[in-house]
Number of protein chains: 2
Amino acid sequence: MSMDIVIAGFGTVGQGVAEAIAMRKDLIREAFGKEARIVGAFDSSSAIYSEEGLDPSVLLANKSGTGRVGDEPLVDGVAFLESIDYDVLVEVSPTNIETGGSGLHHIRSALSNGRHVVTVNKGPLALAFGELSRLAQANGVEMRYEGSVGGAMPIINLCRESLMGQNIDSIMGILNGTCNFILSRMDDGLPFEQALKEAQELGYAETDPSYDINGVDTACKVVILANSVFGIDCTYDDVDVTGITAITEEAVAMAADQNYCIRLIGEISPERLEVSPRLITRGHPLSVTGTLNVAQVNTDLAGPISISGRGAGRMETASAILSDLLAIMRSNVNNK
Amino acid sequence: MSMDIVIAGFGTVGQGVAEAIAMRKDLIREAFGKEARIVGAFDSSSAIYSEEGLDPSVLLANKSGTGRVGDEPLVDGVAFLESIDYDVLVEVSPTNIETGGSGLHHIRSALSNGRHVVTVNKGPLALAFGELSRLAQANGVEMRYEGSVGGAMPIINLCRESLMGQNIDSIMGILNGTCNFILSRMDDGLPFEQALKEAQELGYAETDPSYDINGVDTACKVVILANSVFGIDCTYDDVDVTGITAITEEAVAMAADQNYCIRLIGEISPERLEVSPRLITRGHPLSVTGTLNVAQVNTDLAGPISISGRGAGRMETASAILSDLLAIMRSNVNNK
């Protein structure tokens, strides 16, 4: 009696997932009467598998000792996945939002073979959401991706479960913590370049920050919410995108004089898929500062419901993956 | 194949529930393959029952035409409930937080007879949460109360479902929209008395606003969260309560100078049950303005997750009740 997991990608997030599963061993056994076991893992150059289950602490020690999670060389992730038996693929390999990268191949392989998938990999989702959902449905398995939008902020499960009785008219959100940090520091009077530099020094922005500040990352999340919450079959090219690079100190100061702040907002509705800087009244749920993510879900009966949380981080993202794993266990509690 | 509902109390919220059930007829049938039917309803002086189901629009027309929902006189709610057959009691009769009022008797009767209960009635929950939960458990039924805390804001279901894999360390929240409106207007420079008067004129505060401004209402919600999320067996008397009546314009202005605002916060943790005014940094998720409610759930893996929504209102509260009804249908989908 177990749910057998393979982790594809053993970087920061993959390691966090191994740790989170170990930390929640007892809770899982108590709630579902069975274990969640890691039976396999691979990174860019190595792989490991045991049908008896692997000790998460051994995987973490392997990685920190040798830089490799496994003792076998990895030739091809798909070939590895198709050579082993498991129930759920946790796909957290590096994102490629132009081609979908190897993550796209891993997810296709898993779903085609009747395995559930939990992923935070935005590339495959932003490029091929419709195809992958249909593949999951055709094979009678679940694909879940809570952590791909907003990190620890449970926006997708909120819409699916708690707001199940609502018609959702639109979602507006701050979906990129790097941009929000930069804009928050501009509220404090810093010019854009200096705020960006500070974000880089603190590790919130990459050396090449263009995907964040040009709105590309936010647009990927817009695509994921449009597909998953609204059932709009769209990809990255369908989103109107404006980033934050043209926002001046003067614009921020003028907004502040009128009790507004400027935030990079992703908007999703049946009429509009857009990423652009917007004026937000101070004290509004979308006026949060720092690296937080927040989303406002506009519903017909309940009115606007907002949710916020940390948009990134090792354990924050791992905890979103854990919540998806638990949801799969819950809906498959009578199987196996 | 139906879930048969009785509505106890047919005021603003009870009418909203009837309307919401009618609006979601198709969604419910599609999702669960059975109907949610209202088979009975009563208010302070009248009752109505039909095992065939009642048309919500007829109930609403009765009430608006005659001021009474039913055509039989009501002698005693409990006697009425014990004379009919149904699956779920929606208890939305007037709240009495000193004795629990007739709502407490209705809930006890329903649970003892193996009926599920959905309520937003804070009195019975704040006074007898432990007793009622044990009664539900002993009779194999559910008691749900999402709308009793934060109106449309789905804080309880968020903690139960989306945050199931988290250890929750504490919850801090703005749980009373009236106080938050008054404090927000004080941010704009109004003195307390004038802000209160405005809240009364706009219908946000009662003629006797003491339960709101003295923190009593917030304390009831602290009790409900403490019991339901933390499993702390407590009642109203266990909460340290300070209201907002002693907050001066000067205090608000001094806070603003330091980039803070003052908010009435309910705090729930295994160590502390408290209602008191606190300094909140502007831009923090707990710094919202107006009649919104917001709660920050502090978790071990995901960090802080905040959720906000409208704390009151006819359809907002009805929609929280609807979400509880759907949850009961979901977990009992194979029965009956």
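The values are calculated or read from the model by the stated rules, or taken from the named source; none is laboratory data. On a predicted model such as this, the values are computed, not experimentally measured, just so you know. Note that each Cβ is placed from the backbone with ideal geometry, even for glycine, and that neighbours are counted across all protein chains shown.
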**Complete:** Restricting attention to segment A:303-315, the residues that are buried (at least 24 other Cβ atoms within 10 Å of the Cβ) and modelled with pLDDT under 95 number exactly 1
**Single residue of A:E206, A:E198 found to be within 18 Å of the chain's Cα centre (by Cα) and surrounded by fewer than 17 Cβ atoms within 10 Å (Cβ to Cβ)** = A:E206
**Item:** Residue count for segment B:14-51, restricted to those that are within 17 Å of B:V88 (Cβ to Cβ), of a type outside the set (A, V, I, L, M), more than 23 Å from the chain's Cα centre (by Cα) and away from chain A (no Cβ under 14 Å)
**Value:** 5
**Request:** Output the residue which, of all residues in segment B:178-206 that are of a type outside the set (F, W, Y) and part of a loop (DSSP other than H, G, I, E, B), is farthest from the other protein chains (Cβ to nearest Cβ).
**Result:** B:E206
**Request:** Among residues belonging to segment A:140-161 that are within 22 Å of A:A318 (Cβ to Cβ) and small (G, A, S), point out the one that is nearest to the chain's Cα centre (by Cα).
**Result:** A:S148
**Message:** For the structure I just gave you, tell me whether B:L54 is surrounded by 13 or more Cβ atoms within 10 Å (Cβ to Cβ), touching a residue at least 24 places away in the same chain (Cβ under 8 Å) and in the same structural domain as B:L325 (by TED's automatic domain parsing).
**Reply:** no
**Request:** Exactly one condition in (1) assigned to a helix (DSSP H, G or I); (2) within 14 Å of chain A (Cβ to nearest Cβ); (3) touching a helix residue (DSSP H, G or I) at 6+ places or on another chain (Cβ under 9 Å) is not met by B:M3; state its number.
**Result:** (1)
**Asked** Are any residues in segment A:200-229 out of contact with any helix residue (DSSP H, G or I) (no Cβ under 6 Å at 6 or more places or on another chain), touching a residue at least 12 places away in the same chain (Cβ under 8 Å) and among the β-branched types (V, I, T), and if so, which ones?
**Response** A:I213, A:V216, A:T218, A:V222
**Asked** Can you find a residue in segment A:128-140 that is modelled with pLDDT under 95 and among the acidic types (D, E)?
**Response** no
**Item:** Given (1) outside the structural domain of A:S162 (by TED's automatic domain parsing); (2) crowded, with 24+ Cβ neighbours inside 10 Å, index of the condition A:L326 fails
**Value:** (2)
**Request:** Would you be able to tell me the number of residues in segment B:1-13 that are closer than 10 Å to B:S93 by Cβ and buried (at least 24 other Cβ atoms within 10 Å of the Cβ)?
**Result:** 5
**Request:** Exactly one condition in (1) in contact with a Pro (Cβ under 8 Å, 6 or more places away or on another chain); (2) within 30 Å of B:Q258 (Cβ to Cβ); (3) polar (S, T, N, Q) is not met by B:S184; state its number.
**Result:** (1)
**Request:** Scan segment B:236-255 for residues that are surrounded by fewer than 18 Cβ atoms within 10 Å (Cβ to Cβ) and of a type outside the set (G, A, S) and report the count.
**Result:** 10
**Complete:** Flagged in segment A:29-51 as surrounded by 20 or more Cβ atoms within 10 Å (Cβ to Cβ) and aliphatic (A, V, I, L, M), in numbering order, are A:A36, A:I38, A:V39, A:A41, A:A47, A:I48
**Prompt:** Do we have B:S269 as without any contact (Cβ under 8 Å) to a residue 24 or more places away in the chain, in the same structural domain as B:T218 (by TED's automatic domain parsing) and within 20 Å of B:C159 (Cβ to Cβ) here?
**Reply:** no
**Complete:** Filtering segment A:118-152 for residues that are in contact (Cβ under 8 Å) with a residue 24 or more places away in the chain and acidic (D, E) leaves a count of 2
**Request:** With the condition kept exactly as written, say whether any residue in segment B:167-178 is over 24 Å from B:I307 (Cα atoms), in the same structural domain as B:S287 (by TED's automatic domain parsing) and not small (G, A, S).
**Result:** no
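Conditions (1) of a type in the set (S, T, N, Q); (2) closer than 29 Å to A:T242 by Cβ; (3) surrounded by 24 or more Cβ atoms within 10 Å (Cβ to Cβ), marked per residue:
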| position | (1), (2), (3) |
| --- | --- |
| A:A138 | no, no, no |
| A:E146 | no, yes, yes |
| A:C159 | no, yes, no |
| A:N167 | yes, yes, no |
**Asked** What number of residues within segment A:207-257 are among the β-branched types (V, I, T) and assigned to a loop (DSSP other than H, G, I, E, B)?
**Response** 9
**Item:** Filter result for A:D233 (touching a residue at least 24 places away in the same chain (Cβ under 8 Å), surrounded by fewer than 17 Cβ atoms within 10 Å (Cβ to Cβ) and either within 16 Å of A:L127 (Cβ to Cβ) or not assigned by TED's automatic domain parsing to the domain that holds A:I262 (or both))
**Value:** yes
**Among (1) of a type in the set (A, V, I, L, M, F, W, C); (2) in the same structural domain as B:D212 (by TED's automatic domain parsing); (3) in contact with a helix residue (DSSP H, G or I) (Cβ under 7 Å, 6 or more places away or on another chain); (4) more than 24 Å from A:M329 (Cβ to Cβ) - the single one B:L183 does not satisfy** = (3)
**Asked** Among the residues of segment B:89-128, which ones are among the hydrophobic types (A, V, I, L, M, F, W, C) and in contact with a Cys (Cβ under 8 Å, 6 or more places away or on another chain)?
**Response** B:I97, B:L125, B:A126
**Message:** Looking only at residues that are closer than 11 Å to A:G9 by Cα and not hydrophobic (A, V, I, L, M, F, W, C) in segment A:57-81, which one is surrounded by the fewest Cβ atoms within 10 Å (Cβ to Cβ)?
**Reply:** A:R68
